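The values are calculated or read from the model by the stated rules, or taken from the named source; none is laboratory data. This is a predicted model, so every value here is computed, not measured. Every residue, glycine among them, receives a Cβ derived from its backbone with ideal geometry; neighbour counts consider all protein chains shown. The protein model used for the area step is the full one, side chains on, heavy atoms only, and it has no ligands, DNA or RNA in it. Shrake-Rupley method; radii C 1.70, N 1.55, O 1.52, S 1.80 Å.
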Amino acid sequence: MKPKIFITRKLPEEMVAPFREKYDVRMWDAEDAAVKRYVLLEEVKEAEVLWSVVSDAIDREVFETAKKLKIVANMAVGYNNVDIEAAKEHGVIVTNTPDVLTETTADLAFALLLATARRLYHAEEELRSGGWTSWSPMGYTGMDVGGATIGIIGMGRIGEAVARRATGFNMRILYHNRNRKPAAEEAYGAEYADMDTLLKEADFVVVLAPHTPETVGLIGERELALMKKTASIINVARGGIIDEQALYKALKNDVIWAAGLDVFETEPVPLNNPLLTLPNVTALPHIGSASIRTRIGMMELNAKAIHAVLEGREPENRVV
Ligand code: NAP
């Protein structure tokens, strides 16, 4: 019997073809839907490889069911969808896809920052719906980005790529991590700040820390209240790091200016999420890494890791 690989989303055939000769490749192939839970649990029973995506809950039950599993290759840099403790206990390797998506995700963070500052979503919607009736001196006015202060929470790979972009906009750069990064301070003129100082002084707060028990709810009512009334918050990291209820209230009551969100507590976002009713929210469907080249690059990293493990070699980008 050939070793079995289960892939939870339909991938381009050229990514999968190299595995077909030696392995029994099974793939959830619905174009528009995530794998059904019962299918995942059935398929992993015999699988040695689980090639997963960010929306799959690879939890303890999966590891308990998957008795032959050697590797979870997760198509994301964040791996909060995988129960890492359970993986360790079951001796399963977990790999992710760092670096290759850094620049693409930083582009999206900056796109959201600009869109939020200049109210692009609201303005375009007005135009398309016939609401643009005349040029008006103060119509659709927003905030300047050039020369403003950006506050990056999570100055890692993507955070630094955002900081590099911010230098081109002549921005003052504040950042907060658990550890200082002298090299980033040197390279981008970034200033280390504690959370409260960053929140008080930044015109744009950009969240790029991973989703961990420590960062869930990191930005709540108290933190939003510290921000300037004219400031925006951008989340390209993970839903749940900003408390959505608190964010809704802050946006609705003009505690802050606007939010740009690529990620949400529940994804896909239910259409009754109140944030979607606000004109000062720019919302995107988790597309941080979604350029053609980057998504292919992420799959290539997954494929490399899978080949390595199946051939008994140590994979790159091992998380555990
Ligand atoms: P990274 O290089 O590991 O950077 C994460 C940074 O966050 C580190 O500098 C870390 O520094 C900091 N951090 C960790 N815990 C923190 C805390 N409690 N408070 C403040 N800072 C903290 O990761 P990356 O490659 O830049 O990716 C960052 C995140 O972006 C990923 O985890 C992923 O969830 C998200 N992402 C989203 C998309 C998307 O499609 N929207 C795409 C790619 C990535 P310290 O350890 O010093 O605290």
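Okay, residues lined up against (1) β-branched (Val, Ile, Thr); (2) surrounded by fewer than 18 Cβ atoms within 10 Å (Cβ to Cβ):
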| site | (1), (2) |
| --- | --- |
| Leu50 | no, no |
| Ser55 | no, yes |
| Val77 | yes, no |
| Asn96 | no, no |
Residue list for segment 65-115, restricted to those being of a type in the set (A, V, I, L, M, F, W, C), in a loop (DSSP other than H, G, I, E, B) and within 16 Å of the ligand (Cβ to nearest atom): Ala76, Val77, Val100, Leu101
Number of positions in segment 270-292 that are part of a helix (DSSP H, G or I) and either within 17 Å of the chain's Cα centre (by Cα) or modelled with pLDDT under 95 (or both): 1
First in segment 208-224 and in contact (Cβ under 8 Å) with a residue 12 or more places away in the chain and closer than 16 Å to Val236 by Cβ, second anywhere and more than 10 Å from the ligand (Cβ to nearest atom) and among the small types (Gly, Ala, Ser), Cβ under 8 Å, 6 or more apart: His211/Gly240; Ile219/Ala246
Of residues in segment 239-289 being of a type in the set (D, E, K, R) and touching a strand residue (DSSP E or B) at 6+ places or on another chain (Cβ under 7 Å), the one farthest from Ile219 (Cα to Cα): Asp262
Residue that is nearest to the ligand (Cβ to nearest atom) [pool: residues in segment 272-291 that are farther than 17 Å from Tyr121 by Cα and free of Cβ contacts under 8 Å to residues at least 60 places away in the same chain]: Asn273
Given (1) without any contact (Cβ under 8 Å) to a residue 60 or more places away in the chain; (2) closer than 30 Å to Arg293 by Cβ; (3) more than 16 Å from the ligand (Cβ to nearest atom), index of the condition Arg60 fails: (2)
Verdict on Ala17 being touching a Phe, Trp or Tyr at 6+ places or on another chain (Cβ under 8 Å), modelled with pLDDT of 95 or more and not in a loop (DSSP other than H, G, I, E, B): no
Glu314 being open to solvent by 20 Å² or more (accessible area, probe 1.4 Å), within 12 Å of the ligand (Cβ to nearest atom) and in a loop (DSSP other than H, G, I, E, B): no
Some residue of segment 179-186 being open to solvent by less than 30 Å² (accessible area, probe 1.4 Å) and away from the ligand (no atom under 15 Å from the Cβ): no
Tally, over segment 167-178, of residues that are within 23 Å of the chain's Cα centre (by Cα) and either within 15 Å of the ligand (Cβ to nearest atom) or touching a residue at least 24 places away in the same chain (Cβ under 8 Å) (or both): 6
Matching residues in segment 16-34 - criterion: being surrounded by 13 or more Cβ atoms within 10 Å (Cβ to Cβ) and either among the basic types (Lys, Arg) or in contact with a strand residue (DSSP E or B) (Cβ under 9 Å, 6 or more places away or on another chain) (or both): Val16, Phe19, Lys22, Tyr23, Asp24, Val25, Arg26, Met27, Trp28, Ala34
Residues of segment 20-64 satisfying the condition of being polar (S, T, N, Q) and not in a loop (DSSP other than H, G, I, E, B): Ser52
Among (1) crowded, with 18+ Cβ neighbours inside 10 Å; (2) more than 17 Å from the chain's Cα centre (by Cα); (3) among the β-branched types (Val, Ile, Thr), the one test that Val236 misses: (2)
Pairs with Cβ under 6 Å, 6+ apart, first in segment 77-98 and within 12 Å of Asp56 (Cβ to Cβ) and free of Cβ contacts under 8 Å to residues at least 40 places away in the same chain, second among the acidic types (Asp, Glu) and away from the ligand (no atom under 16 Å from the Cβ): Asp83/Asp59
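For residues in segment 292-311 being among the hydrophobic types (A, V, I, L, M, F, W, C) and farther than 30 Å from Ile234 by Cα, which is nearest to the ligand (Cβ to nearest atom)?
Looking at the filtered set, the residue picked out is Ala305.
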Meets criteria (surrounded by fewer than 16 Cβ atoms within 10 Å (Cβ to Cβ) and not acidic (Asp, Glu)) for Arg172: no
